[in-house]
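The values are calculated or read from the model by the stated rules, or taken from the named source; none is laboratory data. The structure presented is a predicted model; accordingly, all values stated were derived computationally and were not measured. As a convention, Cβ positions derive from the backbone with ideal geometry for all residues, glycine included, and neighbour counts pool all protein chains shown.
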Amino acid sequence: MSFTSGESRWADVALATAARGLATCGQFLAATTLTLTLQSSGAGGRAVAGMLLAATLPLVVLAPLTGRLADRVDSRTLLVGAGLAQSVICLALAYADHPLLVVGLVALLASGLAVAQPVLAALVPAMVLPTDLPRATALNQTAGMLGVLTGPAMAGFLVGGFGSRVPLLIAASGYLPLVVAGLLVRTRRGGARRAAVPGSPSVGAAVADRDVKAARGWRLRRDPLLVAMVATLAGVIAAVGAINVIEVFYVRETLGASASVYGLVTGAWTLGVLAGAWIFARVAGRFIDDGALVQGGLLLLGGCCAAVLLSVTVPTAPLLVPLWLLGGLCNGGDNVFHNVVVARRVPEAARGRAFAAVGAAVQGAAMFGYLVGGLLLEVTEPRPLIVGCGAAGLLVLLGFVVPVRRTVRAERSRIGQLRNPEGSAQTEPVDVGPPQAGPAGAGLATSATSG
């Protein structure tokens, strides 16, 4: 697997993560502003679900295209173009009044996000050494979660004090750091660019050629462990995803909280994700076995579902904060685990496609949850729906335990056979990659120092 060579480029990591954090803040500031505006105007669950679907559908539908763009087009061009386009669209959103126009602009805004997400996700592993990937991933998660934490909180206060236009204008400026990062980050990928080893052009060319050949044949479905991880994640999100639609009605109407308290509650989950990213980044670096990370992710997803289920027991909204912190902690750990697994197992030249494919599966599952939540809110109250979300998530998770464990055992058996094909002692380490088309050794799945 191709990471950077020489030394990790922490200045690039800082620029990319800062840009991600500010852009994410703008994204969630706009989304929460629109959600609060719809709820305050008397719109029902279907209207909120429709807006969330418009913000998610492009991430799913465009994933095959944007993943290939991230691998084939210069990352600088994509970041600059996406940042400028999203800023202009959000500016137009601040002055849009007709509901259909708002939905259309939200969909266009999400289309820009569909381009920027896989570009940034694939850039980070290219900036650092394998030993530094967990820390770089945690930094990336931190920036994103700070944006998610700040955006809804800002929306809660700004909508209450100034209406919807001011927060949307502020959100428009949040996408401009993507342009700055695109211009200043030295690490670039996509197009004809190849990884190079300083001081050894021939070695760099050989590594790049091997990685490109492996990337051409890479398919997510050819890696059973990745398939098991993504299927589990998507299944749980599909079961629990309705909470994103239900939450605003549960907090504001069932529990009688203000817009400011709603922002605080929403931010608690994000703060938990932030803490979980750093705590579990330390853990992830100690695992040489991708299967252990995938199985650890099952436990963390269970913690998320349990937090959702327990949330129905609280009498007031502020008591949701500790539960949301716990759920977010598990969420942040799972994010680190699955990002590290993807970075380890996918050839560098295919990482844009990989992160776009994983993102599409997750967002598609979330869309299902949004749709179900919006429809069910029309016929029942939020509290029983939250019980259903938490219970369904745990049941789905239990259904995946046996298939995931079976896949992990098969993976370990395959690696054992490749290391010692005749049952004899082997003294030399073997670079064992995931089962995929392309030359052997394309992965770094068994390296103790990778991601």
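The table below gives the values:
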{"quantity": "Residues of region 143-163 satisfying the condition of being of a type in the set (Val, Ile, Thr) and touching a Phe, Trp or Tyr at 6+ places or on another chain (Cβ under 7 Å)", "calculated": "Val148"}
{"quantity": "Selection within region 72-104 - surrounded by fewer than 24 Cβ atoms within 10 Å (Cβ to Cβ), modelled with pLDDT under 90 and part of a helix (DSSP H, G or I)", "calculated": "Arg72, Pro99, Leu100, Leu101, Val102, Val103, Gly104"}
{"quantity": "Test: residue in region 66-78 that is among the hydroxyl-bearing types (Ser, Thr, Tyr) and closer than 26 Å to Leu271 by Cα", "calculated": "no"}
{"quantity": "Residue among Val308, Val314 that is surrounded by fewer than 21 Cβ atoms within 10 Å (Cβ to Cβ), touching a residue at least 12 places away in the same chain (Cβ under 8 Å) and more than 15 Å from the chain's Cα centre (by Cα)", "calculated": "Val314"}
{"quantity": "Residue within region 149-172 that is out of contact with any helix residue (DSSP H, G or I) (no Cβ under 6 Å at 6 or more places or on another chain), among the hydrophobic types (A, V, I, L, M, F, W, C) and surrounded by 20 or more Cβ atoms within 10 Å (Cβ to Cβ) present", "calculated": "yes"}
